[in-house]
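Read the structure below first, then the notes.
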Amino acid sequence: MRSVTEHQQVIADLIRPRPAQRRAPGDALGLVLAADVTATLALPGFDNSAMDGFAVQAADIASASAEHPVTLPVADDIPAGRTDIRPLQPGTAVRIMTGAPLPPGATSVVPVEATDADFAAPAPPAGQRVAIRTATTEGQHIRRAGEDVAIGTTVLRTGQRLTPAALGLVAALGLAEVDVLPPPRVLVMSTGSELIAPGTPLLPGQIYESNAVMLAAAVREAGAIAVTAPTVRDEPAAFRAALDAHAGDVDLIITTGGVSAGAYEVVKDALGGQVEFTKVAMQPGMPQGAGLVAGTPIVTLPGNPVSSLVSFEVFLRGPLRAAMGLPPDRPRISATLTEDLTSPLGKRQFRRGVLAGTTVTSYGPPASHHLRWLASANCLLDIPADVDRLAAGSQLDVWDLSTG
């Protein structure tokens, strides 16, 4: 049988990044930059006020105090967004709002709280005066042009994930688009004549389809785009028709079921010669397959629900995230086992568990149909293939499913 590590490499070699795309900032959250972002303008773009108050020349109010305020005529009113700014004349003040352009000649801003002005009132009438009760220093409460970002500065780098703050910076720089690594489109196909859609009454021998829902969610959680196809019966012609209808529109195909050693294995019957079917020395998830269909990578997973999702975690999640420039692996830690365990010698076992701090306990039976236990587990115990017994207190590698 093929080792887990060998099969991981087979899958990783199949999945490649899509070419970079240009995206609007509003459509790029969580994506990874494919090119540096360099500022073509300064931030701020002009000297502006950091406070609601009055722009003045600091020398004119050097003697101001609460006991002896300095009174100046109010020569103008500058709201944010005004573009026709007149110079400040010595011995005068200009009412100014936060973010508004500083008038030429002003050397500081006095906060409104340090004056007798009422900013709830409309623009000051001609002849109004303001009493200033504090002195200021040169440059006080002024945001200088370029003090945040200078023209030519590389503000975001290739490989950086676009967070809300990063996208805010992109927009503030006036950039309508950025170069990003787009998420892969992943087709999820579930096979089995026994499967029917939830909400439909069951007949004897039928079960509700869950793998496509589960794997599509796993694809989306990894950051990729999930495309689902209707469940396919165990008929090779129907399977090929469904595959052909979608394959050219996606970057990866994931199938579940139809890869074991019994009869009616629709995926093996339909794709023999195009996909390499193999057994991987692991539990759960031994029957696997991978290859190309019309140039599109395809990974065939076993049909038991736990086998299917564990296989996605072990083989697909990492390469998908790597193709998007994202950290590929779940956090992995060494934890202390709280109980004795046995494991099948020769197979690498991925067992459901509950991680609490630095201790871990197995959770539920190891069989591949016990989905309930996986739904409540927060980790996978990674038991090496050459280990058949573990004593309580042993150190064990654990994949943390709650983060990453």
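The values are calculated or read from the model by the stated rules, or taken from the named source; none is laboratory data. Remember, it's a predicted structure, so these values are computed and weren't measured experimentally. All Cβ positions, glycine included, derive from the backbone under ideal geometry; neighbour counts span all protein chains shown. Each accessible area value is taken on the protein alone, full model and side chains, heavy atoms only, with ligands, DNA and RNA left out. Shrake-Rupley method; radii C 1.70, N 1.55, O 1.52, S 1.80 Å.
When the chain is modelled as a GNM with alpha-carbon springs shorter than 10 Å, which of Pro302, Pro73, Pro236 fluctuates the most? Residue with maximal mean-square fluctuation among Pro302, Pro73, Pro236: Pro73.
Between Val293 and Ile298, the built amide H atoms are under 5 Å apart, and every one of these is 5 or more places off in sequence or on another chain. DSSP beta bridges confined to region 1-128 are antiparallel in about 65 percent of cases.
Close amide H pairs (under 5 Å, H built 1.01 Å from N) link Met282 with Arg348, residues at least 5 positions away or on another chain.
Sequentially through region 374-382, phi angles give Karplus couplings (6.51, -1.76, 1.60; θ = phi - 60°) of 5, 5, 10, 6, 10, 7, 10, 7, 9 Hz, Gly and Pro residues having no value and appearing as x.
Take the chain, connect every pair of alpha-carbon atoms lying under 10 Å apart with a spring to form a Gaussian network, then pick out the residue of Arg133, Arg161, Arg144 with the largest mean-square fluctuation. Comparing Arg133, Arg161, Arg144 in a Gaussian network model of the chain, the most mobile one is Arg133. Once you sort the root eigenvalues of the Cα gyration tensor of region 332-400 as a ≥ b ≥ c, which label holds: rounded (a/c under 1.5), prolate (a/b larger than b/c) or oblate (the other case)? Here region 332-400 falls in the oblate category. Between Asp388 and Ala176, the simple spin-label model (points 7 angstrom out along Cα→Cβ) gives 6.9 nm.
Please figure out what share of the DSSP beta bridges in the chain is antiparallel and state it in percent, rounded to the nearest 5. Of those bridges, close to 70 percent are antiparallel. Computed from backbone phi, the HN-Hα couplings of region 84-91 come to 9, 9, 8, x, 7, 8, x, x Hz, rounded to whole numbers (Karplus: 6.51 cos²θ - 1.76 cosθ + 1.60, θ = phi - 60°; Gly and Pro given as x). To the nearest 10, the accessible area of Thr107 is 30 Å² with a 1.4 Å probe.
Here the extension length gained between Ala12 and Ala261 equals 87.1 nm, from 0.36 nm per residue of separation less the Cα-Cα distance.
Which residue fluctuates the most in the chain, going by a Gaussian network model with Cα springs under 10 Å, if the choices are Ala66, Ala50, Ala290? The residue that fluctuates most here is Ala66. Once backbone amide H atoms are built at 1.01 Å from N, Gln160 has Leu33 as its partners under 5 Å, excluding neighbours fewer than 5 places away on the same chain.
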